[in-house]
Each structure stands twice: as C-alpha cells, then as structure tokens.
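Below: one structure, written as structure tokens.
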Amino acid sequence: MARKKLLAGNWKMHKTRAEASEFFQSFTKLLGNVGDVTRSVEVGFGVPPTLFDTCLAKSQGTGVKILAQNCHYETHGAFTGEISVPQLLDAHLQGSIIGHSERRQYYNETNEAVGKKWNVLVKAGLLPIVCVGETRQEREAGKTLDVVKTQIDEALKFVSDEARSKEFVIAYEPVWAIGTGLTATPEQAEDVHKVIRDLLTRTFGEARSSTIKILYGGSMNAANCKDLLSKPNIDGGLVGGASLKPEDFASMVLTAKGLS
Ligand code: PEP
C-alpha cells in the first residue's frame with residue numbers, strides 16, 4: 001500500500017519567534033499552494049515551546065503539523081522544566097518527537113520512558129515520532145539491527161493494547177549520521193527500514209504494518225533526499241540542520257511531492 005510521505009523538521013534549540021515567522025513566510029511562499037502540497041506530502045516541525053504559538057499562527061490553514069520535541073509521561077506534577085501531554089493538547093499541538101538520540105544521550109531517556117510517552121501521546125490523540133538508531137560503535141560491532149529491534153520492543157512493553165492500535169511513526173536515525181554530514185547510504189538505510197518493517201509486521205500484522213511510516217534521519221538534505229526517499233521502506237525524513245533553511249526544506253518537500 002502506498003504510504004503518504006512525511007517530512008518532519010526538528011528545529012532542536014534553534015530560532016527566536018521573529019526567525020520562526022520569517023521562516024514560515026519564505027517556506028510557504030516557496031511551496032506555492034501549500035494546501036495542495038500537504039495533500040500529497042505530510043509536513044511537520046518539532047519546535048521548542050517558546051515557538052508553539054508563533055508556528056501555529058504562521059502555519060494556520062496550511063495542513064502543516066506543529067509538534068513538540070519531547071514530553072513527559074505524567075499528566076502533571078513536580079517535574080521542573082518538563083512539559084506534559086495535556087499541555088501539548090492545550091497548546092493545539094499535533095504530536096511530539098520522542099526518544100531522540102540527543103535526549104537518550106544527554107538526558108538519560110530510556111526505552112521505558114519512550115514507551116510511556118508513546119502510550120500517553122496516542123491516548124490523547126497525538127502523534128508520536130519514535131526515534132531509534134545505533135551509535136557508530138554499535139554499527140562497527142555489527143549490532144545495528146539488535147539495537148534498533150530492542151529499542152522498539154522494549155518501548156512497546158509500555159504501550160497498552162489499546163494504545164498500540166493508534167497511529168505512530170518510527171524514525172530510524174543512526175546516531176553517527178546526526179548533524180555530522182555523514183549520511184547512511186540509501187541501501188544502508190533501506191536495510192534497517194526493512195528489518196523494522198518486518199518487526200512491525202510480526203507485531204501488528206501485515207495490513208497494519210503496511211500503513212506505518214518509517215522515516216530516515218541523519219544529515220538528510222536537498223541533495224541526497226531523492227535517493228533515500230525513493231527506497232520502498234523509507235517513508236519520509238526527520239530532518240535537523242536542513243529544516244532550518246526554508247529553501248532547503250521546501251526543496252525537500254517538493255522532491256517528496258514529486259515522488260508521491
Ligand atoms: C535530527 O536531529 O533528528 C537530525 C536528523 O539532524 P540532522 O538532519 O542535522 O542530521
């Protein structure tokens with residue numbers, strides 16, 4: 001079954017409100033009829049909380065999704081610096097990136113926490129983009145497939161049967177390719193995506209698995225996205241650096257549209 005491609009920007013800790021406004025002004029202009037584009041390609045941005053309102057206002061009516069980059073799995077409480085799923089709902093967001101390698105590495109985000117976040121997000125009707133991926137050492141030790149399978153299986157232990165039936169997206173992001181300019185070759189990425197697809201088929205059955213998007217992330221840019229996005233199990237991209245420049249990201253979205 002043909003899956004609609006999804007290109008999601010990850011702005012990390014970048015941009016002021018003025019910069020975000022300028023971005024959307026240029027980005028929407030470059031895309032032309034944005035509503036028409038987002039009918040064939042899904043587009044989203046994971047942005048910092050200070051930019052939620054600005055990005056929602058600037059993207060209103062375009063079909064572009066505004067997402068968080070993280071959330072807590074508790075609904076409220078003494079968790080200084082955190083943001084809850086009810087707060088994301090209240091802010092009119094549509095989902096959140098979870099388990100990004102930077103959060104796993106710097107903030108000890110575990111597979112258990114990722115699973116709990118996944119569970120509460122989908123129960124609230126929000127879309128989780130669940131990031132998985134191996135480090136350079138793990139790849140060199142031949143452990144890539146085990147690492148990725150374990151990350152998904154361990155997280156799923158904390159996703160209830162009811163929550164499992166709701167939409168989610170997996171982002172395969174080899175850690176060695178994030179922000180480094182090193183990209184997995186389309187073949188390297190497709191090999192891992194195929195293993196993830198097989199795991200999803202074993203877990204959810206063929207029909208459901210064929211609807212689940214698996215994104216690639218790791219130095220994807222306007223020059224290399226076409227080859228990556230042409231692979232059968234690469235359903236889009238989670239894009240860091242190249243999503244900060246409207247020209248680059250618009251070009252990637254239009255490339256994805258051309259492949260749809
Ligand atoms: C990311 O942070 O999710 C990412 C893929 O970053 P970059 O595109 O800059 O490698």
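How much net charge surrounds ILE66 when only other residues with a Cβ under 12 Å from its Cβ are counted (Lys, Arg +1; Asp, Glu -1)? Numbers along the way, then the final one.
Details: positive: LYS58, LYS65; negative: ASP53.
The answer is +1.
How long are the semi-axes of the equivalent ellipsoid of segment 20-173, taking √(5λ) for every eigenvalue λ of the Cα gyration tensor, in whole Å from largest down? The partial results should precede the final answer.
Numbers: eigenvalues 155, 75, 46 Å².
That gives 28, 19, 15 Å for the three semi-axes.
What are the semi-axes of the equivalent ellipsoid for segment 1-57, taken as the square roots of 5 times the Cα gyration tensor eigenvalues, largest first, in whole Å?
On the way: eigenvalues 100, 41, 14 Å².
Working through the eigenvalues yields semi-axes of 22, 14, 8 Å.
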Give the Debye-formula value of log10 I(q)/I(0) at each listed q (0.07, 0.11, 0.13, 0.16 Å⁻¹), with one equal scatterer per alpha carbon of the chain, two decimals each. -0.21, -0.54, -0.78, -1.24
Find which of ALA223, PRO48, GLY77 sits farthest along the positive direction of the dipole of the chain, computed with +1 on the beta-carbon of Lys and Arg, -1 on that of Asp and Glu, about the Cα centre. ALA223
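Please rank GLU173, GLU247, GLU109, fewest neighbouring Cβ atoms within 10 Å first, as an exposure proxy.
GLU247, GLU109, GLU173
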Distance in nm between pseudo-label sites at THR201 and GLU19 (7 Å out along the Cβ direction from Cα): 4.3
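Using the Cα centre of the chain as the reference point, and only Cβ charges (+1 on K/R, -1 on D/E), how large is the resulting charge dipole? Debye, rounded to the nearest 20.
On the way: 31 positive and 30 negative charges, 95 e Å.
In debye, rounded to 20, the chain gives about 460.
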Assertion target for HIS92, HIS100, ordered by fewest C-beta neighbours within 10 angstrom first, is HIS92, HIS100
Please list, in chain and number order, the residues 5+ apart from GLY240 or on another chain whose amide H is under 5 Å from its amide H, with Hs placed from the backbone. ASN10, GLY218, SER219, MET220
For segment 190-257, taking Cα atoms only, what is the radius of gyration to one decimal and the Dmax to the nearest whole Å? 13.2, 40
Between the alpha-carbon centers of segment 172-225 and segment 45-118, tell me the distance in whole angstrom. 22
At what distance in nm do the modelled label points of GLN60 and GLU74 sit from each other, each positioned 7 Å from its Cα along Cα→Cβ? 3.5
With label points set 7 Å from each Cα along the Cα-to-Cβ direction at LYS149 and ASN108, the distance between them in nm comes to 2.9
As I understand it, the dipole of segment 6-259 uses +1 on the Cβ of Lys and Arg and -1 on the Cβ of Asp and Glu, about the Cα centre. Which of GLY32, LEU93, THR180 lies farthest toward its positive end? GLY32
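Here, each number is a calculation from the coordinates, and none is a lab measurement. Because the structure is predicted, anything quoted here is derived from the model rather than measured. All Cβ positions, glycine included, derive from the backbone under ideal geometry; neighbour counts span all protein chains shown.
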